[in-house]
Amino acid sequence: MSALRTLLLLLLPLYPGLGPGTGSEAKVTRSCTETRQILGARGYSLSLLPPALISGEHLRVCPQEYTCCSSEIEERLTWDTEATFRGLVEESGSFLVHTLATRHRTFDEVFRDMLSSAEHSLALLFHRSYGRLYSQHTPLFSGLFSRLRDYYEKSGEGLDDALVDFWTQVLEKMFPLLHPQYIFSPEYLFCLTRLASSADDSLKFFGDSPRRLRLQITRAMVAARAFIQGLETGRNVVSETLKMPMSDGCRRAVMRLTGCPFCRGVPLLPPCRGFCLNVAHGCLSSQGLDPDWGAYLDGLLLLAEKIQGPFSFELAAQAIGVKISEGLMYLQENSVGLSAQVFQECGVPPKAMTRARRAPAPVEEVGRLWMAGAEEELPTTAAAMLPRMVWELRERLGRVRGFWAGLPLAVCGDPRMAADIAQEAAPCWTGTGRGRYLLPVVGASLTEQLNNPEVRVEASNPDLQTRMRRLQLRSAIIRMKAAALGHEDASGSGEGQHYADDWMAGAAAVGPPARPPRPPGRKGGFVIRQNQGRSRTGGTSVGFHTQPILILFLSALALLGPR
């Protein structure tokens with residue numbers, strides 16, 4: 001009897017349902033019926049699914065105990081569980097991607113509509129006020145709006161050049177109209193534009209209108225462009241991050257979490273919640289954007305407030321026609337003094353011969369040229385939407401501020417990934433069998449993740465793709481912070497100057513930088529100029545742009561450099 005008892009004790013550990021081995025806490029039967037039914041319904045070949053438990057020595061991921069999985073089934077389950085996990089990650093982030101994408105589209109449409117409305121209103125105002133003289137010079141005004149659109153939609157360069165060139169062309173066209181008794185050669189017009197662009201700014205042909213228009217347009221368009229780019233960058237970066245490839249260690253951990261219960265013959269046993277959180281934190285913590293996410297959202301919200309407040313795109317668009325009209329009025333009202341200074345510097349132009357003198361415009365049309373027209377009432381459909389859109393953006397971004405930190409919780413909230421939190425005390429899948437998960441559940445920080453019992457997390461930097469995505473986000477943050485201060489981004493041409501009437505009180509008044517006169521046109525039409533990829537601001541912008549470039553460079557080194 002003693003010998004028989006000894007033999008039974010030796011054989012007891014080998015029995016899968018009773019032994020004290022690693023899977024002894026799971027009451028595993030020799031039947032694989034449930035596994036065959038569920039996987040068969042999913043399209044798995046029943047010929048590869050044994051009807052009863054077999055030896056698991058061939059398994060590579062799951063515990064090498066008695067199993068319902070062949071090698072082929074385990075491999076397919078590994079890929080299927082990875083697809084399920086990645087699908088849950090993308091589904092959890094779909095609201096965020098949709099929010100950024102729809103806001104990018106709607107804000108972009110509103111800004112474009114405002115610019116088109118401003119052009120349409122200017123055309124109506126000037127055509128009613130100036131008649132045929134405006135019609136003759138329509139390309140001059142449409143060219144300005146075309147260059148403003150190019151800045152906003154494409155290049156992000158030449159905004160200052162577009163405004164300066166516009167006023168120069170207006171001066172070339174309007175100054176001779178004030179003096180039809182003279183002949184103005186191309187050389188004389190060259191001298192005229194040289195005086196207009198002199199460094200001392202002694203001759204203000206259009207008063208303060210060019211400076212004020214430049215200030216208002218630059219701040220608004222720089223802020224709007226940085227805001228739209230920020231939304232677009234965020235949408236792309238988040239979408240790419242949610243479609244991240246999984247590391248081999250993460251793939252194996254997800255298989256142990258949700259695939260191995262099938263192989264152990266307990267497909268309906270839910271994984272333990274702590275088990276899921278450790279796997280999700282280990283797979284997602286190094287891939288997320290949490291270090292820079294808060295600063296990115298703050299930049300978006302700050303710019304959203306600016307573009308409906310001190311950097312109002314609506315007011316800037318409306319100001320184009322008003323400021324141009326004010327400038328023309330100033331030129332007419334001060335033409336005597338301005339002409340005297342021009343004649344003193346450039347000489348008195350030759351008078352037109354009586355026979356060749358141009359016929360003056362009709363009296364009523366000349367009067368209308370310098371008559372201030374009634375301000376056009378702009379369509380308010382797009383503008384009225386802006387406050388509501390900003391409010392909605394603030395509300396939605398507030399809901400996703402903790403998105404990356406809460407992503408593991410969202411994934412483990414799915415019943416396929418973990419047991420319900422209300423049934424946390426019930427037996428669940430521990431990774432080896434039925435029981436309670438006793439390993440510590442670690443947090444999301446890198447220090448805590450180094451002790452993750454389920455996924456090995458490296459202490460070094462994330463993978464290259466993650467570092468590049470974080471770098472793109474930081475670049476957008478730098479652009480938005482610069483735009484919120486009224487500065488052009490590091491790649492643009494604005495010098496980010498402040499004026500006495502700027503929103504930043506106390507800044508000294510600074511005029512636009514000196515611009516060398518452009519060559520006069522040899523024909524009567526408009527002179528076509530190209531910026532040739534250079535900013536007109538020269539050294540003025542270096543002092544400001546060095547800082548964002550340096551920050552971006554250091555960020556790249558920190559993200560991409562070896563540890």
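The values are calculated or read from the model by the stated rules, or taken from the named source; none is laboratory data. Computed from a predicted structure; not experimentally measured. Backbone-built Cβ (ideal geometry, glycine too); neighbour counts: all protein chains shown.
The residue list C272, C250 contains one member that is buried (at least 24 other Cβ atoms within 10 Å of the Cβ), within 30 Å of N451 (Cα to Cα) and touching a strand residue (DSSP E or B) at 6+ places or on another chain (Cβ under 6 Å), which is C272. Exactly one residue out of R147, R128 is in a helix (DSSP H, G or I), modelled with pLDDT of 90 or more and basic (K, R), and it is R147. Only one entry in S142, S155 is outside any helix (DSSP H, G or I), farther than 22 Å from L242 by Cβ and hydroxyl-bearing (S, T, Y), namely S155. Picking from residues in the stretch 176-217 that are touching a helix residue (DSSP H, G or I) at 6+ places or on another chain (Cβ under 6 Å) and of a type in the set (S, T, N, Q), the one that is farthest from F311 (Cα to Cα) is T193. Against the conditions (1) surrounded by 18 or more Cβ atoms within 10 Å (Cβ to Cβ); (2) over 30 Å from L289 (Cβ atoms), where does S92 fall short? Just the number, please. Of everything listed in (1) surrounded by 18 or more Cβ atoms within 10 Å (Cβ to Cβ); (2) over 30 Å from L289 (Cβ atoms), S92 misses just condition (2). Checking the stretch 391-405 against the condition returns a match, with at least one residue being at pLDDT 90 or above, exposed (fewer than 11 other Cβ atoms within 10 Å of the Cβ) and of a type in the set (D, E, K, R). Which residues, counting only those in the stretch 194-229, are of a type in the set (S, T, N, Q) and at pLDDT 90 or above? S209, Q216, T218, Q229 - these are the residues of the stretch 194-229 that are of a type in the set (S, T, N, Q) and at pLDDT 90 or above. Selection of the stretch 404-429 for residues being under 42 Å from the mean Cα position of the chain (by Cα) and part of a loop (DSSP other than H, G, I, E, B) yields G413, D414, P415, R416, M417, A418, A419, D420, E424. When every residue of the stretch 245-262 is checked against the conditions, none turns out to be part of a helix (DSSP H, G or I) and under 30 Å from M389 (Cα atoms). Residue pairs whose Cβ atoms lie under 6 Å apart, separated by 6 or more positions or on different chains, with the first residue in the stretch 410-438 and farther than 23 Å from T67 by Cα and in contact (Cβ under 8 Å) with a residue 40 or more places away in the chain and the second of a type in the set (K, R) and surrounded by fewer than 22 Cβ atoms within 10 Å (Cβ to Cβ), are E424/R273.
Filtering E333, E326, E305 for residues that are surrounded by fewer than 17 Cβ atoms within 10 Å (Cβ to Cβ) and farther than 22 Å from D108 by Cα leaves a single hit, E333.
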